[in-house]
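S.K.: The structure that follows is given in the form of structure tokens.
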Amino acid sequence: MFQSNNNMQYTTQEQFKLFRLIGQIRHQIRRAVNVRLAHVPSLSLEMVELLMVLGDNKVASQQEIAVLTLKDKASISRIINKLIAYGLVSLLTNHTKDQRIKLLKLTTKGNQVYHLLTDTVNEVYKLTKQQLSSGEYHLLTELLMRLTIQLDLSTQGISLKTNEANESRS
């Protein structure tokens, strides 16, 4: 048994229930995407997210994508390279004087995949809305946003503590 900050006791099973549920939701969404896109190489959720950003914005730089997806540029670069290899994304050339800036857009095949993805997102949304009242749906999204913010802040705090510990050792 574990003790939380507010003196409530939780069993390990209770503590991991949230992780299991989030993992199951993530798995179900990925499965829905991959069933719809059986003709496309298996796409990670990170690839799907990048395709959605490009589909929504038409053209974006690697830096813009990193900001919108909350991922570092190195991770985005790896995802972009895979999507280019799959023929879903292309680099625009001669768009600016600064050749370090990589502008990206969806290819024709990428646009087809994007439209299938938006159909899948709409399907998942409709299924979710059918199972929840309007109030429950809004509460769910509010709670998930709060949890996301809290986890992000906690992760940043862990990163800061790790950085401080490393600096103090130097």
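S.K.: Hey, can you rank 137-144, 30-37 by average C-beta count inside 10 Å, highest first? Provide the component values of the computation, followed by the final result.
M.R.: Values: 137-144: 11.6, 30-37: 14.8.
Per-residue Cβ counts within 10 Å, averaged per peptide and sorted highest first, yield 30-37, 137-144.
S.K.: Could you tell me the relative contact order of region 32-86? Use alpha-carbon pairs under 8 Å, at least six residues apart, and round to a whole percent. If you can, show how the numbers build up before the last one.
M.R.: Values: 22 pairs, mean separation 18.0, N = 55.
Once normalised by length, the contact order is 33 percent.
S.K.: Full-extension gain between Gln130 and Leu45, please, as 0.36 nm times their residue separation minus the C-alpha to C-alpha distance. Numbers along the way, then the final one.
M.R.: Working: separation 85, 0.36 × 85 = 30.60 nm, distance 2.38 nm.
So the extension gain works out to 28.2 nm.
S.K.: Rounded to two decimals, what is Rg over Rh for region 2-131 when you use alpha-carbon atoms and the Kirkwood radius? Spell out each step's value before the answer.
M.R.: Numbers: Rg = 18.5 Å, Rh = 16.8 Å.
My calculation of the ratio gives 1.11.
S.K.: Now a separate question. Quick one: length gained pulling Asn111 to Gln28 fully straight, 0.36 nm per residue minus the C-alpha distance?
M.R.: Details: separation 83, 0.36 × 83 = 29.88 nm, distance 2.32 nm.
Fully extending the segment from Asn111 to Gln28 adds 27.6 nm.
S.K.: While we're here: Given points 7 Å out from each Cα along the Cα-Cβ axis, report the Thr69 to Ala85 separation in nanometres with one decimal.
M.R.: Roughly 1.5 nm, to one decimal.
S.K.: Something else: To make sure I understand the rule: partners must be lysines, Cα under 28 Å from the Cα of Lys17, and not fewer than 8 residues away in the same chain. Which ones qualify?
M.R.: Partners found: Lys71, Lys126, Lys129, Lys161.
S.K.: R0 = 25 Å: FRET efficiency of Tyr137 with Met52, Cβ-based, nearest 0.05? Don't jump to the answer; show the numbers that get you there.
M.R.: Details: r = 21 Å, r/R0 = 0.82.
Here the calculated transfer efficiency is 0.75.
S.K.: Rounded to the nearest 0.05, what FRET efficiency is calculated for Glu123 and Thr12 with R0 set to 30 Å and r the Cβ-Cβ distance?
M.R.: On the way: r = 35 Å, r/R0 = 1.17.
My answer for the efficiency is 0.30.
S.K.: Moving on to the next point. Ranked highest first by average number of other Cβ atoms within 10 Å, how do 146-153, 43-50 line up? Could you put the intermediate results ahead of the total?
M.R.: On the way: 146-153: 10.5, 43-50: 18.6.
Top of the packing list down: 43-50, 146-153.
S.K.: A further question follows. Which of the listed residues, Asn122, Tyr86, Val33, is farthest toward the dipole's positive end in region 2-131, when Lys, Arg count +1 and Asp, Glu count -1 at the beta-carbon?
M.R.: Going by the charge dipole, the pick is Tyr86.
Every number here is computed from the coordinates shown, using simple stated rules; none is lab data. Just so we're clear, the structure is a prediction, and the values are computed from it rather than from any experiment. When we count neighbours, we look across all protein chains shown, and the Cβ atoms used for this are built from the backbone with ideal geometry, even at glycine.
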